[in-house]
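Below is one structure; the comments refer to it alone.
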Amino acid sequence: MFTIAEALILLGTDDDKGTAVSSASSSLNYGLAGSILSELAMTGHIELKEGKVVLADDTLTEVSYFNTVIDEIKEDHKERTVEHWINQFAGNTKAINDPVYLSLVDKGILKEEDKTYFFFFNTNVYPTVDARPEQEIRKHVNDVVFNNAEADAEIAMLLSLIKTCDLTEEVFGKERKKEAEKKLVEIIETNEYDKAVSQTVKDMETAILMATTTVLTTTVIMNNN
């Protein structure tokens, strides 16, 4: 059983290099932050009110990075937008990225390695040691997109993040990219979430898409200047 964040990481990480695949090198951090916010909305921990993220239930979970987000929202005594929190968590790899990767290390799927660039810059990378879970996730999402398999709320949100993070070609292949993009839109627009959190999750999905697109566009512009 994987969180949406873990599934997104498996799909968006190069198996050999242990870093984000090239198409998602700028977007994966933001998608990861969005995935955690969306799953907390699904569990009823957060909701949107007038465009601001509000903590609805501060009960801690069994997932460390969920608890980090819950605690930070709780401690910030000011209601803030989805875009604010996506920027906040996407830029804090120690709070979000590392724990997600390490959760997959603990499950025996990835391994942690220390890599040195340019003789002095050290970073952690997470190559794959067990490819089966990722293969199962890929098969599942391909069955949903191309074989009309049922999409639950988590898979629908994962598909939305695949699209947002520019992972469509990576997950579905170059030859079927255009077909997949059309199907993704259909599934994302028609999926029905649990009625208890339906509107919140739908609003969160829209907000995450807009926020992620905004911050990624800004990042591209800044990098090109």
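Things to note:
- Gaussian network model of the chain, Cα within-10 Å springs - most flexible of GLU186, GLU205, GLU169: GLU186
- Most mobile listed residue (ASN92, ASN147, ASN67) in the chain, GNM with C-alpha springs under 10 Å: ASN147
- Over the chain, dividing the summed -39,500 (n - 2.57) contributions of all DSSP H runs of at least 4 residues by the number of residues returns a 222 nm mean residue ellipticity of -18000 deg cm²/dmol.
- When each of LYS17/LYS178; LYS78/LYS111; LYS17/LYS94; LYS74/LYS94; LYS74/LYS177 is checked by Cα-Cα distance, pairs over 29 Å: LYS78/LYS111; LYS74/LYS177
- Peptides 19-28, 170-179 ranked from most to least packed by the mean count of surrounding Cβ atoms within 10 Å: 19-28, 170-179.
- Taking MET1, MET204 and ordering them by how much accessible surface each has at a 1.4 Å probe, largest first, produces MET1, MET204.
- Student exercise, region 79-134 dipole from Lys, Arg, Asp, Glu Cβ charges, in Debye to nearest 20: 40
- Largest mean-square fluctuation among THR190, THR128, THR68, in a Gaussian network model of the chain whose springs join Cα atoms under 10 Å apart, belongs to THR190.
- Farthest toward the positive end of the dipole of the chain, out of SER38, ALA7, SER160, is the Cα of SER160, where the dipole comes from beta carbon charges about the Cα centre.
The values are calculated or read from the model by the stated rules, or taken from the named source; none is laboratory data. Just so you know, these numbers come straight off a predicted model, no measurement behind them. Cβ atoms come from the backbone with ideal geometry, glycine included; neighbour counts cover every protein chain shown. Surface areas here come from the heavy atoms of the whole protein model, side chains and all, with no ligands, DNA or RNA. Shrake-Rupley method; radii C 1.70, N 1.55, O 1.52, S 1.80 Å.
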